[in-house]
Amino acid sequence: MNLNLIEMKKVLILTWSLTGLLFLASCSDDDDNVTQTPEDLGLKSEYTVDRLRILDIDLNTVSYPNAEFEWTIKSKTTQEDSLTSTGKDFSFISLYSGTYSVTLKVKNGGETIEKQTYITVEKETGSYSPYIAKVYDFLPAIGQFTNDLPKWAEGDTRESMIAKASVITGSSPGTISLGGYGGYVVFGFDHSIINIQGERDFKIRGNAFWADATPGQKAGNCEPGIILVSYDKNKNGIPDDEWYEIAGSEYHKSETIKNYELIYHKPDPNATPVPGAEGWQTDIQYIRWTDNQGNTGYKTKNSYHKQSYYPEWVSSPTLSFTGTKLADNYIDQSGNGTYWTGKSYEYGYADNAPNNDEASNIDISWAVDKNGTPVKLAGIDFVKVYTGTNQEAGWLGEVSTEVNGGYDLHIIN
């Protein structure tokens, strides 16, 4: 590729990056009678931020009650406008270092105030890794691989199990199981993943695969996990800001249940096992569950995994999880309980498609808030994945999402 084409591609990617920038709009709560001058806008003359870090510009002092805002970004190198957007507050992130001229226009009735600032994007010290860098939280639900992936040992606490779940970090990750519905892991990267418009931004690896017995169908071992994303708005380095759900292909379907709650009841170790409902002699009705839809049932235990399926480091008699629940995706393809396959949903879930399939790539632009309203995020810092179905698949046991690492598609590519 010649130099001119390379430069054209960089400008094009930069334009995509800027097109995906977040402009957070909010209404002023100040007194309508307050009069302000251009100097009171709170916009500094210049800002500096590292590459792939989110810069939030918050005009907290603006008190025009009916103002309209317009932000225009111009590359100092190309002198071309790259973005025009509206919103009181503005968040900026760039895939490339450089200096950008930002013009803010505030229109209030017949009055227009215009101010300019410069954002310098510096190359980070060292090199970012595209891979998951840290696990912040981990709590699996009931499952045949709970206490096994990762392995629990006598004396392990929640903190030590979170440390063991860090096997999913780096370029050679291991696998963890999230158990049945609601079990989750929270992780982050050493940089912000930019939201580039029209592109998928990150991948979460699982152990999904297409079954040979279902040629031409996207089905096999697919155990979809729901994905939430967040960015470090308060800049404290921990995932305690608002979460946004990645609205996958099933989000708006009638079969999908929002605000679903499921409670697992810790079994009495001295209780007599109950024969399994599936008719498999090796399965027993093991851990009872109830939900807020009026349903109840059991998670079964099989002869292949004899350890406790209830996380050993949790002492409480119940485990409760709340979120979105997807429709069951596993079917008994044999009709006699011997062969089960899980249908892959079209897009937007973890452990739902093979790692080499684009369907396992996630677009930050799919994010919605708690009311289901799409949000414009400049980028993200944290990801949460939880098992999205509550289903037993015969002798295969519970449907449980597995996570085997993940990475930033823009850096890895």
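Okay, residues lined up against (1) touching a helix residue (DSSP H, G or I) at 6+ places or on another chain (Cβ under 6 Å); (2) acidic (Asp, Glu); (3) under 30 Å from VAL102 (Cα atoms):
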| site | (1), (2), (3) |
| --- | --- |
| THR117 | no, no, yes |
| GLU124 | no, yes, yes |
| TYR131 | no, no, no |
| GLY143 | no, no, no |
| ASN147 | no, no, no |
| PRO150 | yes, no, no |
| ILE162 | no, no, no |
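From the set of residues in region 164-201 that are among the β-branched types (Val, Ile, Thr) and in a loop (DSSP other than H, G, I, E, B), which is nearest to ALA247 (Cα to Cα)? Step through it out loud before you land on a result.
Start the filter on region 164-201 by keeping residues that are among the β-branched types (Val, Ile, Thr), which leaves 167-169, 175-176, 185-186, 193-194, 196.
Filter once more, so that each one left must be in a loop (DSSP other than H, G, I, E, B): 169, 175, 196.
Values: THR169: 25, THR175: 25, ILE196: 17 Å.
The selected residue is ILE196.
For ILE193, state whether it is closer than 27 Å to ILE162 by Cα and either in contact with a strand residue (DSSP E or B) (Cβ under 8 Å, 6 or more places away or on another chain) or outside the structural domain of LEU95 (by TED's automatic domain parsing) (or both).
Working: closer than 27 Å to ILE162 by Cα: yes; either in contact with a strand residue (DSSP E or B) (Cβ under 8 Å, 6 or more places away or on another chain) or outside the structural domain of LEU95 (by TED's automatic domain parsing) (or both): yes.
The answer is yes for ILE193.
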inquiry  = I need a count of the residues in region 382-413 that are over 20 Å from the mean Cα position of the chain (by Cα) and among the charged types (D, E, K, R).
reply    = 2
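Just to check your reading of the model, which residue among GLY174, GLY180 is surrounded by 21 or more Cβ atoms within 10 Å (Cβ to Cβ) and closer than 30 Å to SER316 by Cβ? Walk me through it before giving the result.
Numbers: GLY174 fails: surrounded by 21 or more Cβ atoms within 10 Å (Cβ to Cβ).
Going through GLY174, GLY180 in turn, the sole match is GLY180.
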message = Within region 109-120, does at least one residue satisfy the condition of being farther than 30 Å from ILE287 by Cβ, in contact (Cβ under 8 Å) with a residue 24 or more places away in the chain, among the aliphatic types (A, V, I, L, M) and buried (at least 16 other Cβ atoms within 10 Å of the Cβ)?
response = yes
key: Subset of region 347-365 (residues that are more than 14 Å from CYS222 (Cα to Cα) and either within 13 Å of the chain's Cα centre (by Cα) or among the hydrophobic types (A, V, I, L, M, F, W, C) (or both))   = ASN361, ILE362, ASP363, ILE364, SER365
ask   = Within region 302-413, which strands (runs of 3 or more DSSP E) (wholly inside it) include 2 or more residues that are aromatic (Phe, Trp, Tyr)?
value = 379-387
Region 289-302: number of residues that are under 15 Å from PHE321 (Cβ atoms) and either outside the structural domain of GLU398 (by TED's automatic domain parsing) or of a type in the set (Lys, Arg) (or both) = 1
inquiry  = Between THR322, THR296, which is within 29 Å of ARG158 (Cβ to Cβ), in contact with a strand residue (DSSP E or B) (Cβ under 6 Å, 6 or more places away or on another chain), hydroxyl-bearing (Ser, Thr, Tyr) and surrounded by 13 or more Cβ atoms within 10 Å (Cβ to Cβ)?
reply    = THR322
Residue, farthest from ILE227 (Cα to Cα), within region 371-381, restricted to residues that are touching a residue at least 40 places away in the same chain (Cβ under 8 Å) and surrounded by fewer than 24 Cβ atoms within 10 Å (Cβ to Cβ) = LYS376
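Among the residues of region 345-365, are any under 19 Å from SER400 (Cα atoms) and among the β-branched types (Val, Ile, Thr)? Working first, answer last.
Filtering region 345-365 down to residues under 19 Å from SER400 (Cα atoms) leaves 345-355, 359-360.
Add one more test, that the residue is among the β-branched types (Val, Ile, Thr), and what stays is none.
No; the residues of region 345-365 include none that is under 19 Å from SER400 (Cα atoms) and among the β-branched types (Val, Ile, Thr).
The values are calculated or read from the model by the stated rules, or taken from the named source; none is laboratory data. Keep in mind it's a predicted model, so treat the numbers as computed, not measured. Positions of Cβ are generated from backbone atoms using ideal geometry, with glycine treated the same way; all protein chains shown enter the neighbour counts.
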